[in-house]
Every structure is written in structure tokens, then in C-alpha cells.
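In what follows, a structure is listed as C-alpha cells, so that the remarks can point back to it.
The values are calculated or read from the model by the stated rules, or taken from the named source; none is laboratory data. Since we're looking at a predicted model, the values are computed, not measured. Every residue, glycine as well, gets a Cβ built from its backbone with ideal geometry; the counts of neighbours run over all protein chains shown.
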Amino acid sequence: MSARSIVAVVNQKGGVGKTTTAVNLAASLAVAEQSTLLVDMDPQGNASSGVGVPPRSIERSVYDCLIAGMHLEDVVVETKVPHLTVLPAKQDLVAAEIELVDEADRASRLARVLDEAFTRGVPYRQVIIDCPPSLGLLTLNALVAAHSVLVPLQCEFYALEGLTYLMDTIDRVRNGLNADLEVDGVVLTMFDPRNNLAHQVSDEVKKHFSVYDAVVPRNIRLSEAPSHGLPILLYDAKSKGAEAYLALAREFLDRRAGKKRKESRK
């Protein structure tokens with residue numbers, strides 16, 4: 001296993017806590033002194049604004065890396081969280097899907113951007129990619145670039161059906177574009193322990209997938225933090241949401257350490 005970890009946070013269904021998870025996992029890893037890059041692949045730019053880099057404030061974005069061949073180091077922006085840098089997105093990223101559609105390497109542009117940056121010595125140990133709520137070309141670029149996929153899942157009626165579609169897409173990517181892509185696990189989000197359906201969905205997911213022990217609850221402070229351009233750790237470090245994402249980051253790192261130990265024994 002590479003010392004560097006590239007993880008795509010993916011769910012084609014909107015409103016499941018995907019960007020919240022990408023932002024706050026990245027911030028929690030950075031707090032653990034892991035040099036972390038948050039890649040915003042959503043034209044809405046919510047991950048960028050969630051770490052204090054609103055799309056209207058930036059001149060260059062991930063679009064310039066994908067389309068114009070600009071170096072990652074010339075586009076990234078430092079955040080208020082030490083060790084956390086963002087490759088921001090803005091509305092022009094919508095055009096990337098159209099401009100890339102006839103290109104032979106349309107699915108591997110992000111992988112190339114990251115690979116070339118690593119060759120030049122960029123220091124990131126953790127790369128977290130926030131994907132748009134779709135399974136289009138931008139998400140495909142993230143899946144081709146990633147080592148693994150993290151799936152935020154809201155415990156509701158349609159969750160399992162959407163998860164099946166996503167797994168089919170991941171299988172197709174494995175078969176053609178990224179044979180080493182793994183499913184890192186499912187993170188239960190917006191969990192309400194008073195809701196019987198939430199427990200039923202959680203139990204069903206655990207029968208079929210690797211599910212993180214860390215569960216993200218419904219938490220008003222998590223909902224408020226993006227409007228202030230802050231990860232939850234800077235907005236309210238004592239909130240249940242902050243505790244959940246710190247626990248997720250610890251489990252995330254523990255899983256990687258365990259896998260590395262297993263591989264070293266082979």
C-alpha cells in the first residue's frame with residue numbers, strides 16, 4: 001500500500017452529507033498533522049467554500065488543471081486549518097465535462113494532474129476528493145485517480161438502491177480504468193438513533209458492506225459551519241459533529257495502518 005492515500009468521497013444522491021464528510025474528514029486528518037489536500041470536483045464549489053475559499057474569490061480552479069494543464073501547485077489555496085490545502089472549484093468546471101467528452105484521456109485528467117504533482121514532490125500524505133452528486137465524467141475522473149472510495153450514506157428508504165448503482169459503476173471502473181480501486185467503506189451520516197428506519201437501513205448495509213464504526217449524527221452545528229466557511233473543528237470543536245469526524249479520521253488512519261501491517265507481513 002502506498003504511503004500516500006487518495007480517496008474519492010462519492011454518492012450520486014445529493015443531500016447525504018457527502019461534501020460535509022469530505023470537508024470535515026480532510027480537516028480532521030490535517031489536525032492529526034497529516035499533510036492533506038482537499039480536491040473539489042463539484043462545480044458548485046461547496047467544499048471550497050466550506051474551508052473558507054468561496055468560488056467567487058478564486059481566479060484559478062481545478063478546471064485550469066484539467067483543461068489548461070496548469071500545475072496543481074499554482075492553483076491550490078491554503079486554508080485556516082494547518083496542514084490543509086484545497087484545490088478549489090467554481091462554476092467553470094461545468095464546462096469541463098463538455099470540453100473533455102471527445103478527448104481520449106477524458107477520464108484520466110485528474111489522475112495525471114496528481115501524478116505529475118507527486119513526481120514534482122508535492123508533500124500531501126492524504127488526498128480527499130469531493131465529487132459532484134452524479135456519476136458523470138467529473139466523478140469518473142475522481143474514481144480513476146483514487147486508491148479507494150468512501151461512501152457517505154444517509155439511513156433512509158432509497159439508500160440501498162443508490163448504493164447498488166454506485167457499486168456497479170465502481171466495478172466498471174475497476175474492469176477498465178483503475179483495476180486497483182477499492183471500496184474503503186460506508187460512513188453513516190445524519191443518523192438519528194430515535195428513528196427505527198435508520199437502524200434497519202444500518203443493519204442491512206452492514207450485511208453487505210464494510211461500515212465505519214464512527215457514525216455522524218444529525219447535528220445543527222454541522223449544518224451551520226459551512227455558512228461561516230469553517231470546518232466543524234474550527235466552528236465548534238466540542239459539538240457532536242466534531243467528535244464524530246475526529247472519530248472517523250482516527251478510524252480512517254487506523255484502517256490504513258492495519259492494512260499496511262498486513263501487507264508488510266506478506
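Annotation note: of Val173, Val101, Val151, Val77, the sole residue that is closer than 30 Å to Leu234 by Cβ, out of contact with any Pro (no Cβ under 7 Å at 6 or more places or on another chain) and not aromatic (Phe, Trp, Tyr) is Val151.
Each row is one residue, and each column tells you yes or no for (1) modelled with pLDDT of 95 or more; (2) aliphatic (A, V, I, L, M); (3) in contact with a strand residue (DSSP E or B) (Cβ under 9 Å, 6 or more places away or on another chain).
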residue	(1), (2), (3)
Arg112	yes, no, no
Glu116	yes, no, no
Gln154	no, no, yes
Met167	no, yes, yes
Ala179	yes, yes, no
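Only residues that are over 16 Å from the mean Cα position of the chain (by Cα) and not in a helix (DSSP H, G or I) were counted in the range 138-163, giving 4.
Annotation note: of Val101, Val9, the sole residue that is modelled with pLDDT under 95 and of a type in the set (Val, Ile, Thr) is Val101.
Scanning the range 49-61 turns up at least one residue that is of a type in the set (Val, Ile, Thr), buried (at least 21 other Cβ atoms within 10 Å of the Cβ) and over 19 Å from Gly136 (Cα atoms).
Conditions (1) assigned to a helix (DSSP H, G or I); (2) hydroxyl-bearing (Ser, Thr, Tyr); (3) without any contact (Cβ under 8 Å) to a residue 40 or more places away in the chain; (4) loosely packed, with under 15 Cβ neighbours inside 10 Å, marked per residue:
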{"site": "Tyr165", "(1), (2), (3), (4)": "yes, yes, no, yes"}
{"site": "Val183", "(1), (2), (3), (4)": "no, no, yes, no"}
{"site": "Val187", "(1), (2), (3), (4)": "no, no, no, no"}
{"site": "Leu197", "(1), (2), (3), (4)": "yes, no, no, yes"}
{"site": "Lys238", "(1), (2), (3), (4)": "no, no, yes, yes"}
{"site": "Phe252", "(1), (2), (3), (4)": "yes, no, no, no"}
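Residues in the range 199-236 that are at pLDDT below 95 and among the charged types (D, E, K, R) were compared, and the one that is surrounded by the fewest Cβ atoms within 10 Å (Cβ to Cβ) is Lys207. Once the range 31-41 is narrowed to residues that are part of a loop (DSSP other than H, G, I, E, B) and out of contact with any helix residue (DSSP H, G or I) (no Cβ under 7 Å at 6 or more places or on another chain), the residue that is farthest from Gln126 (Cα to Cα) is Glu33. Highlighted here are the helices (runs of 4 or more DSSP H) found entirely within the range 54-122 that include at least 2 residues which are touching a Phe, Trp or Tyr at 6+ places or on another chain (Cβ under 9 Å) and either under 27 Å from Ser28 (Cβ atoms) or without any contact (Cβ under 8 Å) to a residue 12 or more places away in the chain (or both): 109-119.
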